[in-house]
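S.K.: Following this message is one structure expressed as structure tokens.
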Amino acid sequence: MHLRSLLPLPMLLLSTACGDTPPEVCLGAISYARPPQGGACQEYGDSCAVPEGHVACCRTLQHPDTDYACEASRCVDDPLDDCAPDAGTGFCQRICI
């Protein structure tokens, strides 16, 4: 008989929930990110749809008047675009670092 079949249900749930890899939590809101080598921020259906390695965007060309929150980081001008906010070149996308 398998050991798990002997455990009461709460203990079984606890042992499953405390595995080595925590479950991925997806934010149910639209997320924006750009490829690591630069480029325009793209829209994704939720945070789990963003490809691994992409950089989160906190301001996008699609929504220039909206700043999106950066989780545990800060929102800065994207150093890989050709926009210079201090030079008056217009709208500049921003990323989370």
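The values are calculated or read from the model by the stated rules, or taken from the named source; none is laboratory data. Predicted, not measured: the structure shown is a model, and the values here were computed from it. Because the Cβ atoms are built from the backbone with ideal geometry, glycine has one as well, and the counts that use them run over all protein chains shown.
S.K.: Cβ contacts < 6 Å: first residue within 11 Å of I95 (Cβ to Cβ), restricted to the stretch 31-48; second residue in a loop (DSSP other than H, G, I, E, B) and polar (S, T, N, Q), any location; separation 6+ or different chain. Result?
M.R.: From the stretch 31-48, the pairs are Y32/T60; C41/T60; C41/Q93.
S.K.: List, please: which pairs have Cβ atoms under 6 Å, are six or more places apart or on different chains, and start with a residue in the stretch 65-83 that is farther than 15 Å from Y32 by Cα and end with one that is part of a loop (DSSP other than H, G, I, E, B) and of a type in the set (S, T, Y)?
M.R.: Pairs that qualify, where the first residue is farther than 15 Å from Y32 by Cα and the partner is part of a loop (DSSP other than H, G, I, E, B) and of a type in the set (S, T, Y), are C83/T89.
S.K.: Checking A56 against (1) assigned to a loop (DSSP other than H, G, I, E, B); (2) at pLDDT 75 or above; (3) in contact with a helix residue (DSSP H, G or I) (Cβ under 9 Å, 6 or more places away or on another chain), which single condition isn't satisfied?
M.R.: Exception for A56: condition (1).
S.K.: In addition: Of all residues in the stretch 39-53, count the ones that are in a loop (DSSP other than H, G, I, E, B), in contact with a strand residue (DSSP E or B) (Cβ under 9 Å, 6 or more places away or on another chain) and surrounded by 12 or more Cβ atoms within 10 Å (Cβ to Cβ).
M.R.: Step one: of the stretch 39-53, the residues in a loop (DSSP other than H, G, I, E, B) are 39-41, 45-46, 50-53.
In the following step, the residues that additionally are in contact with a strand residue (DSSP E or B) (Cβ under 9 Å, 6 or more places away or on another chain) were identified as 40-41, 45-46, 50-51.
Pick out the ones that are also surrounded by 12 or more Cβ atoms within 10 Å (Cβ to Cβ) and you get 40-41, 45-46, 50.
Adding up the residues that qualify gives 5.
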